[in-house]
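Just so you know, all these numbers are worked out from the coordinates, no wet-lab data involved. This structure is a prediction, so every number in the text was calculated from the model and none was measured. Ideal geometry is used to build each Cβ from the backbone, glycine not excepted, and the neighbour counts take in all protein chains shown.
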Amino acid sequence: MGKTKEYSNGDVTIVWKPEACIHSAICVKGLGEVLQPKEKPWIKNDATST
Ligand code: SF4
């Protein structure tokens, strides 16, 4: 199954599977205010509206 990490703002939960991530950065290009790979945690689910 592999490890998963969940990031929720109460309305939406982003589920990230580190072992499946190929680091293509498509998510960062599409929603950079939420997905910030240089930060910890790198997914900031409260950075924009649901
Ligand atoms: S879209 Fe983002 S999370 Fe998904 S595989 Fe690519 S870099 Fe990883």
For the chain, calculated [θ]222 nm from helices alone, where every DSSP H run of n ≥ 4 adds -39500 (n - 2.57): -2000 deg cm²/dmol
Using a cut-off of 12 Å between beta-carbons, work out the net charge of the residues near D46 (Lys and Arg +1, Asp and Glu -1, D46 not included). -1
Work the Kirkwood hydrodynamic radius out for the chain: mean of 1/r over every pair of different alpha-carbon atoms, inverted, in Å. 11.5
